1. Can you list which of the trypsin sites (Lys or Arg not before Pro) found in the range A:143-234 are DSSP loop residues with at most 16 other C-beta atoms within 10 Å?
2. Treating only the Cβ atoms of Lys and Arg (+1) and Asp and Glu (-1) as charged, compute the dipole magnitude of the protein assembly as shown about its Cα centre; round to the nearest 20 debye.
3. Do the alpha carbons of any pairs in A:K96/B:K156; B:K34/B:K93; A:K132/B:K93; B:K123/B:K156; A:K3/A:K96; A:K96/B:K119 sit beyond 26 Å of each other, and which pairs?
4. Percent relative contact order of chain A, based on C-alpha pairs within less than 8 angstrom and at least six residues apart?
5. How many partner chain Cβ atoms sit within 10 Å of a residue's Cβ in peptide B:121-128, on average, as a whole number?
6. Calculate for chain B the 222 nm mean residue ellipticity that helices alone would give, adding -39,500 (n - 2.57) per DSSP H run of length 4 or more and normalising by residue count, nearest 500 deg cm²/dmol.
7. Across the range A:188-195, in residue order, what do the Karplus-derived ³J(HN,Hα) couplings come to in whole Hz, using 6.51 cos²θ - 1.76 cosθ + 1.60 with θ = phi - 60° and x for Gly and Pro?
8. Positive end of the charge dipole of the range B:115-249 (Lys, Arg +1 and Asp, Glu -1 on Cβ, about the Cα centre): tell me which of B:L166, B:L194, B:P118 has its Cα farthest that way.
Amino acid sequence: MTKIRYYGTGNIPGFEANELPGRLIVLEGTDGVGRSTQVALLHEWLEANGYAVAQTGLARSSLVGPGLMRAKQGHTLGDTTLNLFYATDFADRLEKEILPALRAGFVCLTDRYIYSMIARAVVRGVDYDWLKDLFSFAIVPDAVFYLEADLEHLIPRVIAGEGFDYWESGMDVLRGDDIFENYRVYQTRLLAQFRQIGKEYKFITVDANRSAHEVFTDLRRRLKPILRGMQPAV
Amino acid sequence: MATLPDGTPLPGKLFIVEGIDGSGKSTQLDLLHKWLVSEGHLVVFTEWNSSPLVRRTTQRGKKEQLLTPLTFSLIHAADLADRMERQVIPALKAGAAVLADRYIYTAFARDGARGLNPKWLRKLYSFAVRPTVAFYFQVPLEEALRRILVGRPALKWYEAGMDLGLDPDPYECFRLFQKRILGQYNDMIEEFGLTVIDATRPLIQQQQQVRALVMPHLKELMRANLMPWRQVLAKEGLYGRYLQSDTVPRLVEQ
């Protein structure tokens, strides 16, 4: 059972339940750490073991997704506005995807939750207490796995992957054109921020400097006790 | 004095109007606007739910009824934040008079009526500038309903508060929703020190009262003699057939 607890004074009007039969599992971590790979692997593994699985990620809501993409391309939103946009997107997915899935007994795998949004905003100078309260309508997940890798391990993955992203390199907050240097500075700040937030929100830190296979094995092992009590179909 | 959330005073002044639909607040603000401009003040007007960036999302959400009380609340906060960051704060820093039709109290009243936690709402909107004067146009429910429902074919879904399901009939639902909002407003008068205007009085008397209350704040405001630029050029003897428009270029897409 997922016990329904909020992080603060926020609430979801019209939603009344103390617990739901599903499980809310969050994978967090910086860009390139392998979150989506692990989500994909876990999704398949859980299904193969007879669980119903639902997946969701940031900025994918039907309400705000398109508007958010547009706004980011134009680099036109101020910090407060952008965070409220993200919060709207998140609320939409929480109410329309996550809660219904939990109610129906799904294992809900979430690629990032409120923590990424909080971390990236704090690095940009937005007030931490305001952010915490803004996102306090979020329900507390059954587990937050924080995939943590050092910069030395992240950089080759980013280069081999899609390259350095404008936002993930903090180009909007740092000076100059040196995207590599900015990436290093920005990600260092972000990692420090995640560590801070992790203490408050009780992250389960998973060492992601290891191979994808080792991380996957570790995650499966840690997931098992959380799934206890569920009735898989096979 | 308009002040930033951290207490920093701004040279400009922020006057806002609040009240339920049909209270006549927009009419009063419009009259105030015209008067201030005629007095030579630089005036910036801003309106609830009008940020071009956020509006498309809100419109789609309303049209397709995708909005829940929570997302309805957040998207309107995004709208105000966008206007605050790009329009209101810069203008106040420059020393202009800013007029806002509806402000954070609209959100507190409506979202409160929709069941969101009042504490959360107040913190959510803590990014907003504290207004110089917040006018609340107080009117009894039946009077407001009479004004607004006369000759009105249909109420919109969210406008009527149909998402709350208070009543299957849109008009009855609207009435119940407005009643709740009115209650929320009345509770806020003391909490935020709203300046109450009796909106049942004759329109001109209300306006006189509003102007009298605004007047003491106008001394140090920025003045600007704004006339259409073609007229400005004409004054200096400059004419040309390629000078096309008499209007000031519009800054925001509608």
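1. Those satisfying the criteria are A:R175, A:K202, A:R210, A:R228.
2. Computed about the Cα centre, the dipole is about 560 debye.
3. The pairs that break the limit, which is 26 Å between Cα atoms, are A:K132/B:K93; B:K123/B:K156.
4. Normalised by residue count, the contact order of chain A is 31 percent.
5. Mean shielding count: 5.
6. Calculated mean residue ellipticity at 222 nm is -14000 deg cm²/dmol.
7. 4, 5, 5, 4, 4, 5, 4, 5
8. In the range B:115-249, that residue is B:L194.
The values are calculated or read from the model by the stated rules, or taken from the named source; none is laboratory data. The structure presented is a predicted model; accordingly, all values stated were derived computationally and were not measured. Glycine gets a Cβ as well: all are built from the backbone with ideal geometry, and neighbour counts include every protein chain shown. SASA here: full protein model, heavy atoms, side chains in, ligands and nucleic acids out. Shrake-Rupley method; radii C 1.70, N 1.55, O 1.52, S 1.80 Å.
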